[in-house]
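The numbers here are math on the coordinates, done by the rules we state, and not lab data. The shown structure was predicted, so the numbers you read here are calculated from the model rather than taken from an experiment. A quick note on method: Cβ atoms are made from the backbone with ideal geometry, for glycine too, and the neighbour counts reach across all protein chains shown.
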Amino acid sequence: MNSIKEAYRYLENARDILSTKVKKEDGYYQDKKYIKMAGHTAYAGVLVALDALLKQKKGRKSIEWYKEELSEIDRKILNRLDSVYEQLHLVMGYDGHGKESIVKEGFSDAEKIIEWVEIRLAA
């Protein structure tokens, strides 16, 4: 369960980055540097949780690998993973786009994936 605590810590750190380092104006976060940092941090938290569930050793895996592995466990979670990959990793993490509603949705989906993993690890 240490991995789950670590995953939540990543997510909390990402939220903290946005709340303390970035100003919001008209529903958008304004500093791309910190938006990217928060997106990468939150996405990394999801991967920490998934790695614990999938018993994956350290190393770089592709999103396709995660999708393939999860499709054998629970196909419904793939939509959330797609959303997190798109919103946190690509839109925030690479593009630095900080529309508040997208950020909230991405963080919400990330938290739901971590919770989903936590339930499966506890079983």
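Data table
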read-out: Restraint check, Lys21/Lys61; Lys32/Lys58; Lys24/Lys104; Lys24/Lys99; Lys32/Lys112; Lys23/Lys99, Cα-Cα greater than 21 Å; value: Lys21/Lys61; Lys32/Lys58; Lys32/Lys112
read-out: Max mean-square fluctuation residue, GNM over the chain, Cα-Cα springs under 10 Å, options Ser108, Ser71, Ser83; value: Ser71
read-out: Filtered GluC sites (Glu not before Pro), the stretch 15-85: DSSP coil and at most 14 other beta carbons within 10 Å; value: Glu72
read-out: All-pairs Cα distance distribution in the stretch 7-57, expressed in whole percent, bin size 5 Å; value: 5, 22, 25, 19, 13, 8, 5, 3, 1
read-out: Zero-based 5 Å bins, Cα pair distances in the chain, whole percents; value: 2, 12, 24, 24, 18, 11, 6, 3, 0
read-out: Qualifying trypsin sites (Lys or Arg not before Pro) for the stretch 55-123 [loop in DSSP, other Cβ within 10 Å: at most 16]; value: Lys55, Lys57, Lys58, Arg60, Lys61, Arg75, Lys76
read-out: For the stretch 116-122, Karplus couplings with θ = phi - 60° (6.51, -1.76, 1.60), whole Hz, Gly/Pro x; value: 4, 5, 4, 4, 5, 6, 6
read-out: Label-point gap, in nm, between Glu25 and Lys61 - each point 7 angstrom along Cα→Cβ; value: 4.1 nm
